[in-house]
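Student: Below is a structure I'd like to ask you about.
The values are calculated or read from the model by the stated rules, or taken from the named source; none is laboratory data. Given the structure is predicted, the values throughout are model-derived calculations rather than measurements. With ideal geometry, Cβ positions are generated from the backbone for all residues, glycine too; neighbour counts draw on all protein chains shown.
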Amino acid sequence: MQLISFDPFRTLGFPNTQVLKPEHFFRHQDALRQANWVLFPGYWQLNALLYGLKCRVFPSEASYRIGHDKVEMTRAFEVVAPAHIPLTLIEPNGPLQQALLWDTMTLPFVAKHPKASMGEGVFLIRDRADWQRYYASADVLYVQEYLPIDRDIRIVIVGDQVLSAYWRRQADQGFYNNVARGGWVSHDAVPTAAIDLALQVASDLNINHAGFDIAWVGGHPYLLEFNRLFGNQGLASSQALKDRILQYLHEHDVPRDPNGPSASPQPLPQAV
């Protein structure tokens with residue numbers, strides 16, 4: 001099995017793996033066409049790799065597309081797990097919509113930038129001044145009800161297996177559970193219902209490499225988001241993650257379709 005990686009840190013030690021700099025991928029088109037898998041390309045490379053070079057990529061296309069934007073992610077969650085979504089409202093950023101959301105939401109509430117990660121671009125809205133600061137910096141208005149939690153659950157999934165499930169406790173300054181923002185990892189038992197929810201959503205949406213963040217409120221799991229690229233602070237070992245990725249690649253290394261993922265469907269027969 002021949003692999004090409006665009007992320008040397010996440011694939012360090014992988015056998016038969018050629019590492020390329022993302023900006024050099026145009027120089028290696030023949031090698032990319034022949035590779036069994038292309039690993040961890042940048043989002044900006046995706047269309048050229050999938051539809052131009054007919055590559056098979058890991059993580060999956062769905063992991064990239066859905067994970068790239070919280071608006072797209074929320075829409076997908078609302079279809080496959082509507083009972084597990086906090087109240088979420090999304091509107092274009094205009095004066096009428098700013099007033100509508102302010103009048104609709106109960107204080108405090110949460111506002112987010114759709115493409116932020118690691119706790120960046122997340123705002124706790126406690127008063128009108130907070131709201132004004134948020135919408136002055138936002139392209140799209142994305143707001144959610146505030147959930148009364150002091151920790152959330154991170155569930156790491158590769159393929160159809162849970163690699164790790166742990167709690168992220170709130171940072172000293174409050175509100176943020178992200179380890180990158182001062183939160184810390186706890187390995188207390190995680191409710192089975194939260195794990196089952198992450199597995200179900202990953203399967204339904206064809207997400208095969210993700211860290212799901214889930215809030216646990218009153219015995220009920222709420223999907224917050226998933227991260228296609230996640231930290232390894234809560235994993236038992238980074239080697240276990242690499243071993244599971246390699247196992248998944250071998251299990252799914254089926255003969256490639258010469259027409260690739262962009263092949264056009266065959267025309268339907270004409271009615272007589």
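Student: Please find, within region 90-102, the residue that is surrounded by the most Cβ atoms within 10 Å (Cβ to Cβ) out of those that are touching a residue at least 12 places away in the same chain (Cβ under 8 Å) and either over 30 Å from residue 64 (Cα atoms) or of a type outside the set (A, V, I, L, M) (or both).
Tutor: So in region 90-102, the residues touching a residue at least 12 places away in the same chain (Cβ under 8 Å) come out as 90-93, 97-98, 101-102.
Those left that are additionally either over 30 Å from residue 64 (Cα atoms) or of a type outside the set (A, V, I, L, M) (or both): 91-93, 97-98, 102.
Working: 91: 15, 92: 10, 93: 16, 97: 16, 98: 19, 102: 17.
Per the criteria, the residue is 98.
Student: Just for region 166-213: of the residues that are out of contact with any helix residue (DSSP H, G or I) (no Cβ under 7 Å at 6 or more places or on another chain), outside any loop (DSSP other than H, G, I, E, B) and of a type in the set (Val, Ile, Thr), which one is modelled with the lowest pLDDT? First the steps, then the outcome.
Tutor: Of the residues in region 166-213, the ones out of contact with any helix residue (DSSP H, G or I) (no Cβ under 7 Å at 6 or more places or on another chain) are 166-167, 169-170, 172-184, 186-196, 198-200, 202-203, 211, 213.
Applying the additional criterion that residues be outside any loop (DSSP other than H, G, I, E, B) yields 166-167, 169, 179-181, 184, 186, 192-196, 198-200, 202-203, 211, 213.
When the remaining residues are screened for being of a type in the set (Val, Ile, Thr), the result is 179, 192, 195.
Values: 179: 53, 192: 97, 195: 97.
Ranking the candidates gives 179 first.
Student: Only one of 102, 44 is over 23 Å from the mean Cα position of the chain (by Cα) and aromatic (Phe, Trp, Tyr). Can you tell me which?
Tutor: Working: 44 fails: over 23 Å from the mean Cα position of the chain (by Cα).
When all the criteria are applied, what remains is 102.
Student: Looking at this structure, is residue 82 modelled with pLDDT of 95 or more and in contact with a His (Cβ under 6 Å, 6 or more places away or on another chain)? Talk me through it step by step, then tell me what you get.
Tutor: Working: modelled with pLDDT of 95 or more: yes; in contact with a His (Cβ under 6 Å, 6 or more places away or on another chain): no.
No; evaluated as a whole, the condition is false for this residue.
Student: Read through the list (1) touching a residue at least 40 places away in the same chain (Cβ under 8 Å); (2) in contact with a helix residue (DSSP H, G or I) (Cβ under 6 Å, 6 or more places away or on another chain); (3) of a type outside the set (Asp, Glu), then give the number of the only condition that residue 105 fails.
Tutor: It is condition (2) that residue 105 fails.
Student: Pick from 12, 87: which is within 30 Å of residue 219 (Cβ to Cβ), in contact (Cβ under 8 Å) with a residue 40 or more places away in the chain and surrounded by fewer than 18 Cβ atoms within 10 Å (Cβ to Cβ)? Explain how you work it out, then say what you get.
Tutor: Details: 12 fails: within 30 Å of residue 219 (Cβ to Cβ).
Just a single option satisfies the conditions, and that option is 87.
Student: Residue by residue through region 214-234, note down the ones that are out of contact with any helix residue (DSSP H, G or I) (no Cβ under 7 Å at 6 or more places or on another chain) and more than 21 Å from residue 68 (Cβ to Cβ).
Tutor: Within region 214-234, 215, 217, 218, 219, 220, 234 qualify.
Student: Further question on the same structure: Considering 136, 165, which residue is free of Cβ contacts under 8 Å to residues at least 24 places away in the same chain and among the aliphatic types (A, V, I, L, M)? Before you say what the answer is, go through the steps one by one.
Tutor: Working: 165 fails: free of Cβ contacts under 8 Å to residues at least 24 places away in the same chain.
Exactly one residue qualifies, and that residue is 136.
Student: Right, something else. Return the total of residues in region 188-228 being without any contact (Cβ under 8 Å) to a residue 24 or more places away in the chain and within 15 Å of residue 62 (Cβ to Cβ).
Tutor: The qualifying residues number 0.
Student: Among (1) closer than 20 Å to residue 227 by Cβ; (2) touching a residue at least 60 places away in the same chain (Cβ under 8 Å), where does residue 46 come up short?
Tutor: Failing condition for residue 46: (2).
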